[in-house]
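Q: Before anything else, here's the structure in question.
The values are calculated or read from the model by the stated rules, or taken from the named source; none is laboratory data. A quick note: this is a predicted structure, and the numbers were derived from the prediction, not measured. Here the Cβ positions follow ideal geometry from the backbone for every residue, glycine too, while neighbour counts run over all protein chains shown.
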Amino acid sequence: MQKSTLTRTLFLITVAILICVAIVNFSHLLSFFTGLLGILSPILLGLAMAFILNIPLKLLERLWDRIDKNHSRRSHGIIKRITCIGLCLLALAGIVIALIFAVFPQLKNSILGLVNSLPILADRANGYWQYLVRFMGRYGFKLPEININADKILGMVKEYFTEHGHMWIDISFDVVSGVITAIFDIILATVIAVYVLAKKEALAAQLNKLLSAIMSDEHKKSLLRISSLCSRTFTGFITGQLLEALILGGLCLFGMLAFRLPFAVLISTLIGVTALIPIFGAFIGIALGAFFILLVDPVKAIWFVVFMIVLQQIEGNLIYPKVMGKSVGLPGFWVLIAVTIGSSFGILGMLISVPLCSVAYSLTGQIVKDRLEKKNKNKTV
């Protein structure tokens, strides 16, 4: 047996043994990777933030170079990099703060309005139910008599919180500790992102040296080509998804103002944020928006759902495939297929399914092109 064949056989046997061991100890392996992911989450979040912030950073640096032609000195480059990173962080913080001030005050008012209008809603619900009882009685269907009492409902809620106060204290403690941990992770991730952005050229050079040391030139070129394709694809996906969310949120705001639906700013903001989840995210926003309007006017809630279903159909079948197809270089049909498959893996799957499918689509196209060219050359020879 030749040495290469023996090496390949041993490699396949080793891989098969490792796969069997992984299947047998799947639960332990899953818990190990879950814990490892929790430890590495600030680093991964920082790298993701650096990748996203690098998009506006490059635009700001190009604008800086156009405005200031005298940029030959080293100190100039340091000042430019620090200033542009600071502007990106300020813009990100401004967007987050604007979303908080747009959502939470109206959310607070909605909850207070629900509590204050609970007696009116209870009377209205009793009226609807009595009408339904009389209507169904005409056709021989007898419905039970139900009397919704607002004071009784509030009393039941207070009694529940009184009896289960210790449970809510534990939940509140877990929530507070989780929030503190999340804040710490975000601060650490921001520091990592700033460092990566500030030293991205030096880090790229170090990575290039490492690849040259452990890989052949051919494999290194292939890896760099795939990495460049992934970078372009994910950059196009992020910009396209943000543009899509802005378009959908703007159309929602315009329509709600035109139809005089309540909570236009709050709901349009929620629609725009949830639209970052490809295609299906807007339905989450529709459910939240319908709930808020339902507390004020059930009829308007129905009209809101009808309006958003029509808008979502237009967005999902016309706007989204065109915007994302141009951004990631993927035909609209494959965008829909990618999101449908990605939905099986939750929100994260829906978020990354489109760029991953675009990368696979481009690589497959390149492989097919190379194979056909090679085949045609062989025929010619």
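Q: Is it the case that some residue within the range 294-314 is at pLDDT below 75, out of contact with any Ser or Thr (no Cβ under 7 Å at 6 or more places or on another chain) and polar (S, T, N, Q)?
A: No: the range 294-314 contains no residue that is at pLDDT below 75, out of contact with any Ser or Thr (no Cβ under 7 Å at 6 or more places or on another chain) and polar (S, T, N, Q).
Q: Would you be able to say whether some residue in the range 187-195 is modelled with pLDDT under 85, of a type outside the set (A, V, I, L, M, F, W, C) and assigned to a helix (DSSP H, G or I)?
A: no
Q: Further question: Can you find a residue that is within 26 Å of the chain's Cα centre (by Cα) and at pLDDT below 85 anywhere in the range 206-217?
A: no
Q: What residue, of 40, 57, 36, is assigned to a helix (DSSP H, G or I), of a type outside the set (D, E, K, R) and modelled with pLDDT of 80 or more?
A: Among 40, 57, 36, only 57 is assigned to a helix (DSSP H, G or I), of a type outside the set (D, E, K, R) and modelled with pLDDT of 80 or more.
Q: Further question on the same structure: Taking only the range 338-381 into account, find how many residues are modelled with pLDDT under 75 and among the β-branched types (Val, Ile, Thr).
A: Counting residues in the range 338-381 that are modelled with pLDDT under 75 and among the β-branched types (Val, Ile, Thr) gives 8.
Q: Quick one: residue 288 ticks every box in (1) in contact (Cβ under 8 Å) with a residue 40 or more places away in the chain; (2) under 16 Å from residue 311 (Cβ atoms) except a single one, so which number is it?
A: That leaves (1) as the condition not met.
Q: Is it the case, given these coordinates, that residue 249 is crowded, with 16+ Cβ neighbours inside 10 Å, within 24 Å of residue 352 (Cα to Cα) and at pLDDT below 85?
A: Criteria not met by residue 249.
Q: It is to be established whether one or more residues within the range 260-277 are among the aromatic types (Phe, Trp, Tyr), surrounded by fewer than 16 Cβ atoms within 10 Å (Cβ to Cβ) and touching a residue at least 24 places away in the same chain (Cβ under 8 Å).
A: Scanning the range 260-277, I find no residue that is among the aromatic types (Phe, Trp, Tyr), surrounded by fewer than 16 Cβ atoms within 10 Å (Cβ to Cβ) and touching a residue at least 24 places away in the same chain (Cβ under 8 Å), so the answer is no.
Q: Additional query: Check the range 214-222 and report whether any residue there is more than 30 Å from residue 124 (Cα to Cα), among the hydrophobic types (A, V, I, L, M, F, W, C) and assigned to a helix (DSSP H, G or I).
A: Yes; the residues of the range 214-222 include at least one that is more than 30 Å from residue 124 (Cα to Cα), among the hydrophobic types (A, V, I, L, M, F, W, C) and assigned to a helix (DSSP H, G or I).
Q: May I ask you to list pairs of residues, at least six apart or on different chains, whose Cβ atoms are under 9 Å apart, with the first in the range 173-199 being more than 25 Å from residue 58 (Cβ to Cβ) and the second being in a helix (DSSP H, G or I) and of a type in the set (S, T, N, Q)?
A: 185/41
One line per residue, one yes/no per condition, for (1) over 22 Å from residue 291 (Cα atoms); (2) surrounded by 13 or more Cβ atoms within 10 Å (Cβ to Cβ); (3) of a type in the set (A, V, I, L, M, F, W, C); (4) modelled with pLDDT under 70:
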| site | (1), (2), (3), (4) |
| --- | --- |
| 118 | no, yes, yes, yes |
| 124 | no, yes, no, no |
| 127 | no, no, no, no |
| 130 | yes, yes, no, no |
| 139 | yes, no, no, no |
| 147 | yes, no, no, yes |
| 150 | no, yes, yes, yes |
| 154 | no, yes, yes, yes |
